[in-house]
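Input: a single structure, listed below in structure tokens.
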Amino acid sequence: MNGPTPRLEIFADRIHDNARAIVHQCADHGIQVAAVTKVLHAHPALLRALDDTGITMLADSRLQNLRRIAETGTSLPTLLLRAPGRHDIDAAVQLADISLNSSLITMTALSDAAVRAGTRHGVIIMVDVGDLREGVWPDHLVEVVSAAAKLPGIDVRGVGTNLACYGGVQPSAENMTRLVQLRDLAREATGLELGLISGGNSANLPLMMSGDMPSEINNLRIGEAIILGRNTLDRSPWPGTCQDTIQVVSEIIELERKPSIPLGRTGEDAFGQHVTFTDRGVRLRAICNLGRQDVNPSGLTPIDPGHIVLGASSDHLIVDVTDSGSPVEIGTEVRFRPTYAGLLATATSSAVWKEAATPHRL
Ligand SMILES: *Cc1c(COP(=O)(O)O)cnc(C)c1O
């Protein structure tokens, strides 16, 4: 028996196979995989799917999710992907073995917290090689690494970078080589090994497969390619992976034939937009129990090619089902494949039920 709607169905066995495939591909290039769980809110079904896949770390940007990972139980090291805020320092040391950092003020606070807790905290120092999101600007990396190395509670494990997220800059042999050279400079200046070089996210996989990734890059942090099986540079299917890994399921709560153009004088909709409409004549329209509170409708692709998402208000998703491939009535479930953004939203909505679609093979 399936759970209530709206719900997310997680095909854990397919995600398991995706993770194994990507770990294999990376191993062939001397790269270890930190699996990134944030887009599924570190759901236990995902964590189980990642068991026995060869990943070497569990990574997430949110402490709430790292807490979930701790509660589910893991023997793998954990990596915090976003620098912690002032109020999160102690939790970061408690929940993450390593964190990505760029600010000395934060690393000093992490060091103090680690000393208080009688432990040590690992850091990967992020360098900005062009995407203009996080990372120390290269001209003062050596200074930051040298200062961090002197902190009593901190182990500087290596350097990292992140690309293709804000500026859309693609990973290249040039920017990866720059990262390696910067590591070498910092290594010379400090005498530290700085053995971990974390080159980026799913967007680095095409460069790796082309054979142009410098051999010193030995870690990638991979979320979307494992969970949705996509090449994040163009959203094409990633070789060796399955894309049908997650489905968003809603159910029809109203079914009526109506014209496709609203009647009367129109003004702003509920979200301050002036919407234009295409006249397709009278159509069979289903209202599904999903809305913008759960997901932006642009993040949903109907699985039935005969369904068209017309729009959504906070709680009502309107789907043209005139050409539905199977019969529809009140209560019929309507399924969608989520984009990355659609998955992030539905996975973090407390109004959406989540379940493993198939038992994880043991
Ligand atoms: C989210 C995130 C990743 C994973 O990105 P994907 O595109 O899902 O592979 C890697 N690194 C950092 C710092 C992130 O925030």
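Across region 105-253, the mean sequence separation of Cα contacts (distance under 8 Å, 6 or more residues apart), normalised by length, yields a relative contact order of 19 percent. Spin-label model, I253/H29: points 7 Å from Cα along the beta carbon direction are separated by 4.6 nm. Under the convention that each Lys and Arg Cβ holds +1 and each Asp and Glu Cβ holds -1, the size of the dipole of the chain around its Cα centre is about 360 debye.
If you take every DSSP beta bridge fully contained in the chain, what fraction is antiparallel? Give it as a percent rounded to 5.
That works out to approximately 45 percent antiparallel.
Divided by 2.2 N^0.38 Å, where N counts the residues, the Cα radius of gyration of region 252-362 comes to 1.16. Summing +1 for each Lys or Arg and -1 for each Asp or Glu among the other residues whose beta-carbon sits under 13 angstrom from that of A203 gives +1. Among D52, D155, D88, the ranking by other beta carbons within 10 Å of each residue's beta carbon, starting with the fewest, stands as D52, D155, D88.
Could you size up the charge dipole of region 34-157 around its Cα centre, putting +1 on the beta carbon of Lys and Arg and -1 on that of Asp and Glu, and report it in debye to the nearest 20?
In debye, rounded to 20, region 34-157 gives about 280.
The overall shape of region 162-283, judged from the alpha-carbon gyration tensor, is prolate: a/c is not under 1.5, and a/b is greater than b/c. Axis angle, to the nearest 10 degrees, between helix 173-190 and the longest C-alpha principal axis of the chain: 40 degrees. Gain on full extension, evaluated as 0.36 nm per residue between A91 and S146 minus their Cα-Cα distance, stands at 17.3 nm.
Take the Cα of Q64, go 7 Å toward its beta carbon, and the backbone nitrogen atoms of region 332-357 under 11 Å from that spot belong to 348-351. Think of region 63-157 as having a plus end and a minus end, set by charges on the Cβ of Lys, Arg, Asp and Glu; of V129, G118, T78, G118 sits farthest toward the positive end of this dipole. Sorted ascending by nearby beta carbons within 10 Å, beginning with the fewest, L182, L300 become L182, L300.
Pairs of Cα atoms nearer than 8 Å and 6+ residues apart set the relative contact order; for the chain it is 20 percent.
Note down, for the chain, the three equivalent ellipsoid semi-axes (square root of 5 times each alpha carbon gyration tensor eigenvalue), biggest first, whole angstrom.
43, 21, 20
Of all lysines in the structure, the ones whose alpha carbon falls short of 28 Å from that of K38, not counting any fewer than 8 places away in one chain, are K354.
If Lys and Arg each add +1 and Asp and Glu each add -1, what is the summed charge of the other residues whose beta carbon sits under 13 Å from the beta carbon of R337? Display every interim value, and only then the final one.
Details: positive: R14, R230, R235, R335; negative: E9, D244, D304.
Around R337, the charge tally is +1.
Taking a ≥ b ≥ c as the square roots of the eigenvalues of the Cα gyration tensor, region 42-181 is classed as oblate, since a/c reaches at least 1.5 and a/b does not exceed b/c. Using the Cβ of W353 as centre and a radius below 15 Å, the other residues enclosed give a net charge of -2, where K and R count +1 and D and E count -1.
Any idea what the relative contact order of region 29-92 is, in percent, if you count C-alpha pairs under 8 Å spaced at least 6 apart? Contact order relative to length: 32 percent. Checking the cross-link filter: which aspartates and glutamates have an alpha carbon closer than 18 Å to that of K150, excluding same-chain neighbours under 8 positions apart? Straight-distance partners of K150: D112, E188, E193. Exposure proxy for H121, H316: other Cβ atoms within 10 Å of each Cβ, ordered fewest to most, give H316, H121. With the Cα gyration tensor of region 2-121 giving a ≥ b ≥ c as the square roots of its eigenvalues, does the rule (a/c under 1.5 for rounded; else a/b larger than b/c for prolate; else oblate) give rounded, prolate or oblate? Taking the square roots of the gyration eigenvalues as a ≥ b ≥ c, region 2-121 is oblate.
Largest GNM mean-square fluctuation across M57, M126, M209, computed for the chain with C-alpha springs under 10 Å, falls on M209.
No value in this document is a laboratory result; all are computed from the given coordinates. Fair warning: this is a prediction, and the values are worked out from it, not measured in the lab. Note that each Cβ is placed from the backbone with ideal geometry, even for glycine, and that neighbours are counted across all protein chains shown.
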